[in-house]
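Worksheet: the structure to be examined is printed underneath.
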Amino acid sequence: MDSALDTTADTLRVTAWRDYDEAACALPGMSLGSLDLTGPEASESDRLWELGARRVALPAAVDLTATGDLAGARRTARALSLVRDLTARAVLVEWDLRLDPARPDDWQALSHLQPPRTLRGASEPDSALSTWRNGHYLGKCLWRNGPGFLQIRDRRWGNLQRFTADEPHYRHAVGELSYGAPQDSVAKDALDDFTEEKLVLHLGPLAWWVPYRVSRWTQEAMAV
């Protein structure tokens, strides 16, 4: 899809259904119709879940090339945040992704998210999308707050990588970055470390937090 996201600065429009299965979604009463998400980003997935949404479609591509100005970067961060937060709830998300051709491997940093329907801008888009779909599972890159520490568990590149930080400003940085923040508003050492480990995605003037915080466990938390 080539059209811009159906948003204003404060609105993201989606279509939602009460079931995962496409055939079930066609039955009477299963459609929630088009919904305008206008509240704080952190509450959007909660609202959809409480409405009964189990399948959600974004009407146009999330475009990583449309982040040259602050407004475009915020729209992209908002859409990515919704995909991330719904993935954490195991909601089926139908979306499309356009990468920046200058950064064709960014899909790997996003490979813990629900795989998109289409992927453009990767070096070998068909192969990349197949790898993404075949390797996707819930819990691939997540974070949690413990008593006095922050821990990230990351399997996007195969083996488990685990990062633990107990510095308060690292935890504060995650809170700032969760829905996109100006890069100069976050402590430089935290942002540099997160960037090195591909835990943030740079969207023009913003940096956006990649891992999700799991809301539904598919197995015992200690196994994840």
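The values are calculated or read from the model by the stated rules, or taken from the named source; none is laboratory data. Note that the structure is predicted; figures quoted are calculated from it, not measured. So basically every Cβ, Gly included, is an ideal-geometry build from the backbone, and we count neighbours across all protein chains shown. In case anyone asks, the SASA skips ligands and DNA or RNA and just uses the protein heavy atoms, side chains included. Shrake-Rupley method; radii C 1.70, N 1.55, O 1.52, S 1.80 Å.
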### Karplus (6.51, -1.76, 1.60) ³J(HN,Hα), θ = phi - 60°, over segment 82-99, in Hz, Gly and Pro reported as x
5, 4, 4, 5, 6, 4, 4, 8, 6, 7, 6, 10, 9, 8, 10, 10, 10, 7
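Where both partners of a DSSP beta bridge lie in the chain, what percent of those bridges are antiparallel, to the nearest 5? Intermediate results must be reported in sequence, preceding the final value.
On the way: 28 of 37 bridges.
Rounded to the nearest five, the antiparallel share is 75 percent.
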### Query
If you line up the Cα atoms of segment 91-174 on their principal axes, what length do they span on each, largest first, in Å?
43, 26, 24
### Query
Hey, what angle do you get for helix 41-51 against the long axis of the chain, alpha-carbon based, 0 to 90 degrees rounded to 10?
40
### Task
Rank W209, A24, L199 by how far each Cα sits towards the positive end of the charge dipole of the chain (+1 on Lys, Arg Cβ; -1 on Asp, Glu Cβ) and give me just the farthest.
A24
### Query
If you place +1 on the Cβ of every Lys and Arg and -1 on the Cβ of every Asp and Glu, how big does the dipole about the Cα centre of the chain come out, in debye to the nearest 20?
560
#### Entry: Heavy atoms of Y179 accessible to a 1.4 Å probe, total area in Å² rounded to 10
60
### Query
When the chain is modelled as a GNM with alpha-carbon springs shorter than 10 Å, which of R155, R55, R75 fluctuates the most?
R155
### Sum of -39500 (n - 2.57) over DSSP H runs of 4+, divided by residues of the chain (222 nm, nearest 500)
-9000 deg cm²/dmol
### Query
Based on the Cα coordinates of segment 103-142, what is the per residue volume of their convex hull in Å³?
55
### Message
Compute the distance from the alpha-carbon center of segment 60-136 to that of segment 140-180, in whole Å.
### Response
20
#### Entry: Amide H contacts under 5 Å for V210, placed H, 5+ residues apart
V200, L201
### Query
Of the accessible area of the chain, with the probe set at 1.4 angstrom, what percent is carbon plus sulfur?
48
### Message
Please list 3J(HN,Hα) in residue order for segment 115-124, calculated via the Karplus relation 6.51 cos²θ - 1.76 cosθ + 1.60 where θ = phi - 60°; whole Hz, with x for glycine and proline.
### Response
x, x, 5, 9, 9, 10, x, 6, 4, 10
### On Cα atoms only, tilt of 125-135 relative to the major axis of the chain in degrees
80
